[in-house]
Structures are given as structure tokens and as C-alpha cells.
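Read the figures in this text as sums done on the coordinates, not as results from a lab. If you're wondering where the values come from, they're calculated on a predicted model, not measured in any experiment. Here Cβ is always computed from backbone atoms with ideal geometry, including for glycine, and neighbour counts include all displayed protein chains.
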Amino acid sequence: MKKGSYADQINAAKLMLSGVRNQGKTLARRGLDQEFITGLEALHTQALKLDDEQEGLKARLQEKTAELDGVLEDLAVKVSEAKKMVKLDLPKPSWKEFGITDVR
């Protein structure tokens, strides 16, 4: 099977499965018997299920990424505020303790 998107690969397998079912009597003598068809159906069904699960996980990932972006924005504000206070209240040599490498 040619590589392509998962949807393309699953659709190609669906078409092959349909054709093998329709021409089963002719192809059975070549080894594409009912056992083969059953195995192909099982793999196709499994691929569909896994593809659906993957799409759900992609959606969850996008949700978590948006949540993380929001938290990181809030974190950046707090770190910036703390950095300003450290710079105002402590001498420059002690800034390194806070990870500050600014000149001033």
C-alpha cells in the first residue's frame, strides 16, 4: 500500500476489502479466501478505531496547548514582576542567584 495520509490508507484498504468481497469466489483460489477477508476486515476496523482515537487525542492536545499557553503568559508576567523587584532591591552581583543576566 502506498504511503499517504492515514485517511487515504484506510480508504484504500476499504476499497480493497470491498473488491475482495465482491470477487471473493474468483480470488479464493489465489489465497484470498474467507479467512484472509476476515483478517483484512479486522485490521481495517482496528485502523479506523485507532484513527478515531488519535483524532480525539489531537483535539485534547490542542486544548492542553491552549491551557499551557495561558498559564505561561501568566507565569511570564509574575516572573517579570519578580525580576523588577529583585533588580530594585538587590545589588547586581546577587542577580545571578535569580537567573538574571541583564546588565541593568
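Scattering from the C-alpha atoms of segment 17-82 alone, worked out with Debye: what is log10 I(q)/I(0) at q = 0.11, 0.22, 0.28 1/Å? The Debye formula, applied to the Cα set alone, gives -0.52, -0.87, -1.06. Here, segment 1-41 has an Rg and a Dmax of 11.0, 32 Å when only alpha carbons are counted. Normalised by the number of residues in the chain, the average gap of Cα pairs under 8 Å and 6 or more apart makes the relative contact order 16 percent. Counting only Cβ charges, +1 for Lys and Arg and -1 for Asp and Glu, the dipole size of segment 8-79 around its Cα centre is about 600 debye. For segment 5-99, applying the loop criterion from DSSP together with a ceiling of 15 other beta carbons within 10 Å to the trypsin sites (Lys or Arg not before Pro) yields no site.
Count the lysine pairs in the chain whose Cα atoms lie under 20 Å apart, taking only pairs 8 or more positions apart in sequence or on different chains. Eligible lysine pairs with Cα atoms under 20 Å apart amount to 13. Using Cβ point charges alone (K and R +1, D and E -1), the dipole size of segment 44-83 about the Cα centre works out to roughly 140 debye.
Label separation (Gln34 vs Glu67): 4.9 nm, computed from points 7 Å beyond Cα along the C-beta direction.
Extending 7 Å from Cα along the Cβ direction at Gln54 and again at Phe98 yields two label points whose distance is 4.7 nm. With the simple spin-label model, which puts each label point 7 Å out from Cα in the Cβ direction, the Asp89 to Val77 separation comes to 2.1 nm. Each residue of segment 43-57 is assigned a 3J(HN,Hα), and the resulting list reads 5, 4, 4, 5, 4, 4, 4, 5, 5, 4, 4, 5, 4, x, 5 Hz, derived from the Karplus form 6.51 cos²θ - 1.76 cosθ + 1.60 (θ = phi - 60°), x at Gly and Pro.
Positive-end ranking of Val71, Leu88, Gly31 along the dipole of segment 23-104, with charges on Cβ about the Cα centre, is headed by Leu88.
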